[in-house]
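S.K.: Have a look at this one.
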Amino acid sequence: MFDCVTILFGDLYGFADYVQTASPMEVTKILNDVEVMFDTTLVDLDVYKVEAVGDTNMVASGVPERNGNNHIREICILSRRLLTQALARNISLRTGIHTGKASPSDFSHLFKIKIKIQYIL
């Protein structure tokens, strides 16, 4: 059990509508751009990329290595960098942040809930 971790969810706003009109190559390109953006942005931060499915990414800090209260700062820095890069690339990225207790099994459960909510909306 981890006493305090911070999780960031990031996804593309309007992606489900976008894929209805975009070509497969356009969809592949934007997904690749987003993955590269996430991967290059988190390199120097104390964060862990937990999962990436489609246009949704889940990143955590404070797990698997505890880092005191730095997890909040690390995820907020990541969110700001991602949103700045997305804006520069004309990508509609949205992020959500949550801080609290977590067990390793919570991560896959939270990610599945996020995916279900995204497709309901």
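The values are calculated or read from the model by the stated rules, or taken from the named source; none is laboratory data. Computed from a predicted structure; not experimentally measured. Heads up: the accessible areas ignore ligands, DNA and RNA and are worked out on the full protein's heavy atoms, side chains in. Shrake-Rupley method; radii C 1.70, N 1.55, O 1.52, S 1.80 Å.
S.K.: Give the Cα extents of the chain along the principal axes, in whole Å, largest first.
M.R.: Principal-axis extents of the Cα atoms in the chain, largest first: 45, 29, 17 Å.
S.K.: To continue, here is another question. Report ³J(HN,Hα) in whole Hz for each residue of region 46-55, in order, from the Karplus equation J = 6.51 cos²θ - 1.76 cosθ + 1.60 where θ = phi - 60°; Gly and Pro get x.
M.R.: Coupling constants for region 46-55: 8, 9, 10, 6, 7, 7, 9, 9, x, 9 Hz.
S.K.: Got a sec to turn the phi values of region 13-21 into Karplus ³J(HN,Hα) couplings, 6.51 cos²θ - 1.76 cosθ + 1.60 with θ = phi - 60°, whole Hz, x for Gly and Pro?
M.R.: 5, x, 5, 4, 6, 4, 5, 5, 10
S.K.: What number comes out for accessible area per residue over the chain if the probe is 1.4 Å? Units Å², please.
M.R.: It amounts to 60 Å² per residue over the chain.
S.K.: At each listed q (0.16, 0.21 Å⁻¹), what is the log10 of I(q)/I(0) that the Debye formula gives for region 54-105 modelled as equal alpha-carbon point scatterers?
M.R.: Debye curve over Cα of region 54-105, log10 I(q)/I(0) at q = 0.16, 0.21 Å⁻¹: -0.54, -0.83.
S.K.: How many percent of the accessible area of the chain is carbon or sulfur, using a 1.4 Å probe?
M.R.: On the chain, the fraction of accessible area on carbon and sulfur atoms equals 58 percent.
S.K.: So, one more: Can you give the direction-averaged projected area of the convex hull of the alpha-carbon atoms in region 3-59, in nm²?
M.R.: So the Cα hull casts an average projection of 4.4 nm².
S.K.: What are the residues whose amide H is under 5 Å from the amide H of VAL50, where those residues sit 5 or more places off or on another chain and H is modelled from the backbone?
M.R.: Amide H neighbours of VAL50, under 5 Å, 5+ apart: MET58, VAL59, ALA60.
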